[in-house]
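The next block holds one structure in the form of structure tokens; read it before the comments.
The values are calculated or read from the model by the stated rules, or taken from the named source; none is laboratory data. Values in this document were obtained by computation on a predicted structure and should not be read as measured data. FYI the Cβ positions are ideal-geometry reconstructions off the backbone, even for glycines, and counts take in every protein chain you see. For accessibility, only protein heavy atoms count, side chains too; no ligands or nucleic acids. Shrake-Rupley method; radii C 1.70, N 1.55, O 1.52, S 1.80 Å.
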Amino acid sequence: MFKILKIRGESLTPEYNQGDYILVITHSHTIARLKPGDVIVFQHPVYGTMVKRVEQIDPQAQEIFVVGTHPQSLDSRQFGPIPRHWVTGKAIWHIANRDGSNRAS
Amino acid sequence: MFYNFVQALDKKFGFEEAQAHCDVPCGIYDPIVAQINALTVVRMMDLMTALDEGAEVGKKAYNNSMSRYIAVKEEHAEKAKHEIRVIYGDFISDAHIEAHPELPALFHKIMKLGGKARQTADRDNGVAFVEAINQFAEIFWAIKGVATKKAKAPYAPALEMVYPAL
């Protein structure tokens, strides 16, 4: 139902930084009701467990276009929209490292 | 702070990581290429000096070797600059510069030293070029959370280099 994940990488900076935690809800009902702007966790067959922001949802194709905020983010702009069934959860709480001591920099 | 509490739990139980990947796919950056290129510049300067002290000065063989050393020096100084530009442009973020405010001036210094390494045969400038790139490597590895060590390059001109201590 819920799990805590640790952010690794910088594609969602400056909002989410490496070392931050997110509380993720894995309930299928929540995943079925995603909307643009949501931060989601999904299982990519090549890159593993990823976290990105939803930019657009195609309800017909059941596909989601995900992006990061960093200019070098690896996301749907490179690997295309992801099928909805890859999504494993939605972030509902961001536990940020406010003092920044654990940031990648 | 709640973060510290979660972090303590993470240390105990090890939460799964979610990748917020950058680059395609997760760029491989390493300043060693620039370091070796800069070292080559100094090596060419040394070979040029040695040739100048030989008996063949002005002869065909001399001209042939000297022009080759100069060409290699030109090429490698430019390669070193290129490598640093790529890391600085593609990898280094605003947050990194915030954490290492000396980076922009260091980057500029490397570009200038690299330019002068092409224009002249000034060995001191060549050594300064190597040192500045080593300093860049030190910061780069600090950003990556990798410890570094200093050791002499195992080949001429055997200058002290910064290597990741893996």
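Some values worked out for this structure:
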{"item": "Residue among A:G19, A:G37, A:G9 that alone is on the phi > 0 side of the Ramachandran plot and more than 12 Å from the chain's Cα centre (by Cα)", "result": "A:G19"}
{"item": "Among (1) assigned to a helix (DSSP H, G or I); (2) surrounded by 19 or more Cβ atoms within 10 Å (Cβ to Cβ); (3) not small (G, A, S), the one test that A:R53 misses", "result": "(1)"}
{"item": "Scope region B:21-79; condition modelled with pLDDT under 95, of a type in the set (D, E) and at negative phi; matching residues", "result": "B:D30, B:D52, B:E53, B:E56"}
{"item": "Enumeration of residues in region A:74-92 that are open to solvent by 60 Å² or more (accessible area, probe 1.4 Å) and at the interface with chain B (Cβ under 10 Å from one of its Cβ atoms)", "result": "A:R77, A:Q78"}
{"item": "Condition broken by B:Y163, with the remaining ones in (1) part of a helix (DSSP H, G or I); (2) under 16 Å from the mean Cα position of the chain (by Cα) satisfied", "result": "(1)"}
{"item": "Every residue from region B:141-157 that is loosely packed, with under 13 Cβ neighbours inside 10 Å, part of a loop (DSSP other than H, G, I, E, B) and aliphatic (A, V, I, L, M)", "result": "B:V146, B:A147, B:A156"}
{"item": "Qualifying residue in region A:62-71 (condition: closer than 19 Å to A:L5 by Cα and either hydrophobic (A, V, I, L, M, F, W, C) or without any contact (Cβ under 8 Å) to a residue 12 or more places away in the chain (or both))", "result": "yes"}
{"item": "Where a residue in region B:138-152 is within 14 Å of chain A (Cβ to nearest Cβ) and within 18 Å of B:I28 (Cβ to Cβ) and its partner, wherever it lies, is part of a strand (DSSP E or B) and polar (S, T, N, Q), with Cβ under 6 Å and at least six apart", "result": "B:W141/B:T148"}
{"item": "Residues satisfying the stated conditions in region A:3-15, i.e. assigned to a loop (DSSP other than H, G, I, E, B), open to solvent by 20 Å² or more (accessible area, probe 1.4 Å) and within 15 Å of A:A91 (Cα to Cα)", "result": "A:E15"}
